[in-house]
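Here is the structure we will look at.
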Amino acid sequence: MIRPIAKYGDEVLRRTAEPVESVTPEIQRLIDDMVETMYAVSGVGLAAPQIGVSRRIFVADPSSGHRDEDLVVMVNPEIIEREGVQTEPEGCLSLPGFEGSIARPTRVVVRGLDREGDQHEIEGTDLLARAFQHEMDHLEGSLFLDHLRGFTREAILRKIRKLRRSGKW
Ligand code: NI
């Protein structure tokens, strides 16, 4: 089921997400909804808080659904290795229409549980490393906007306020 995506301003995006106790059929349904929702909007990553569920789960796919083997499901993820720095423009499904250049590691290794509840470790480089770090931020209630400073950040906030006033946000 495709779920509505929480936008900037929704307090669920600011909460620290709760760990998942075990990967039950209910959690698997949630994961499936997250994958379906991510693909429906051609996203490369989605965290559970973005569909209003404050749990430590994210899905990512740098091919955005074009190659099945690229789908990553992570429950209770942690980053166990980080290396390098890349600075690239980044967006977020919860901040549609905006992007900002943010420094992220070029390579990370994430450990967590898969859809079956088995532990796995996945290495991500470049776009996938960026996606992993971005989705991990969501689980801590942080958004890419929080990494921006000064004029870039203010300009985005001003545009969002304007969209809100006209009922488009
Ligand atoms: Ni995001």
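Overview of values
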{"item": "Positive-pole candidate from Ser94, Gln119, Ile51, dipole of the chain, charges at beta carbon", "result": "Ser94"}
{"item": "Environment charge of Ile156, counting only residues whose C-beta is closer than 14 Å and scoring Lys/Arg +1, Asp/Glu -1", "result": "+4"}
{"item": "Per-pair calculated FRET efficiency, R0 = 45 Å: Trp169 and Arg111 via Cβ, rounded to 0.05", "result": "0.80"}
{"item": "Lys, Arg +1 and Asp, Glu -1 on Cβ, resulting dipole of the chain about Cα centre, debye, nearest 20", "result": "1380"}
{"item": "Euclidean distance between Cα centres, segment 124-169 to segment 61-110, Å", "result": "13"}
{"item": "Gain upon complete extension [Lys159, His147; 0.36 nm per residue less C-alpha separation]", "result": "2.6 nm"}
{"item": "Spin-label model distance (nm) - Asp68 vs Arg29, 7 Å beyond Cα toward Cβ", "result": "2.4"}
{"item": "Per residue value of the accessible surface for the chain (all protein chains in place, 1.4 Å probe), Å²", "result": "51"}
{"item": "Peptide ranges 41-47, 121-127 listed from the most packed, as the mean C-beta count within 10 angstrom indicates", "result": "41-47, 121-127"}
{"item": "Per-residue [θ]222 nm for the chain (sum of -39500 (n - 2.57) over DSSP H runs n ≥ 4, rounded to 500)", "result": "-8500 deg cm²/dmol"}
{"item": "Kyte-Doolittle at least -1.0, axis length at least 20 Å by Cα - qualifying DSSP helices, the chain", "result": "25-40, 150-165"}
{"item": "Calculated FRET efficiency for the pair Asp10/Thr87, C-beta based, R₀ 35 Å, to 0.05", "result": "0.80"}
{"item": "Approximate spin-label separation Glu21-Ala40, in nm, with each point projected 7 Å along Cα-to-Cβ", "result": "2.9"}
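The values are calculated or read from the model by the stated rules, or taken from the named source; none is laboratory data. Bear in mind that the values here come from a model prediction, so they are computed numbers and not experimental data. When we count neighbours, we look across all protein chains shown, and the Cβ atoms used for this are built from the backbone with ideal geometry, even at glycine. These area figures cover heavy atoms from the full protein model, side chains too; ligands, DNA and RNA do not enter into them. Shrake-Rupley method; radii C 1.70, N 1.55, O 1.52, S 1.80 Å.
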